[in-house]
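Colleague: First the structure, which I've put down as structure tokens, then a few questions once you've had a look.
Computed from the coordinates by the stated procedures, all read-outs in this text should not be read as laboratory data. Note that the structure is a prediction, hence the values are computed from the model and not measured. Ideal geometry is used to build each Cβ from the backbone, glycine not excepted, and the neighbour counts take in all protein chains shown.
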Amino acid sequence: MGQTSDLDATDGDLAATSDLEGLIGYNLKRAYVIVLNDFRATLGEEGLSPRSFSALSLVVQNPHVTQSALARMLGIERSGLVAIIDTLERQGYLDREAVPGDRRIQALVPTRAGRTAHAEARAAVERHEEALFSGLAPADRRRLLQILRDFRAAHESGEGE
């Protein structure tokens, strides 16, 4: 009678003993959900989504980038970028401009409102990450970032070929 069954364990206890805990992908996904939820709470319902923030950041840093180049930078299909760009354009954060010599290609240019929105969102995201990862020592944070960059570099090198 002193034993507890699996039915008596809390959901948290069951997850902690799961063989999933030994899988990197599972832990990355769980960590991503935490980061994503906090990101959305930080920027609010009307704020930029993570994908829109990333796209706007790259356009601000690379004015006149083409949509194809931006899609490659983000690691997404060009067709998936169209909705993101449409939203940012509707919000008044960027404009599409024809590329001289080839009117089929459009370059993306941040507006003044887009640069302002990016600066405000960037500051909020930096605060969000500082708070969210404050439980890690600075050296561990740097190492985690380097591990993620190394992993991406090993797997993104052949993208778009």
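Colleague: Taking a ≥ b ≥ c as the square roots of the Cα gyration tensor eigenvalues, with a/c under 1.5 meaning rounded and otherwise prolate when a/b beats b/c, else oblate, which class fits the stretch 102-156?
Modeller: Oblate is the answer for the stretch 102-156, as a/c is 1.5 or above yet b/c matches or exceeds a/b.
Colleague: Go ahead and estimate [θ] at 222 nm for the chain from helices alone: -39,500 (n - 2.57) per DSSP H run with n ≥ 4, summed, over the residue count, rounded to 500.
Modeller: Result for the chain, helices only: -20000 deg cm²/dmol.
Colleague: Tell me, His128, His64 in order of fewest to most beta-carbon neighbours within 10 Å?
Modeller: Ascending Cβ contact count within 10 Å gives the list His64, His128.
Colleague: Among Leu58, Leu108, what is the fewest-to-most ranking by other Cβ atoms within 10 Å?
Modeller: Sorted ascending by nearby Cβ count, the order is Leu58, Leu108.
Colleague: Which of these values of volume of the Cα convex hull per residue in Å³ was calculated from the structure shown: (1) 130; (2) 174; (3) 116?
Modeller: Among (1) 130; (2) 174; (3) 116, the one derived from this structure is (2).
Colleague: What FRET efficiency would be calculated for the residue pair Leu145, Glu120, taking the C-beta separation as r and a Förster radius of 25 Å, to the nearest 0.05?
Modeller: 0.60
Colleague: When a footprinting reagent is the concern and you count Cβ atoms within 10 Å, what order do Thr111, Thr17 take, fewest first?
Modeller: Ascending Cβ contact count within 10 Å gives the list Thr17, Thr111.
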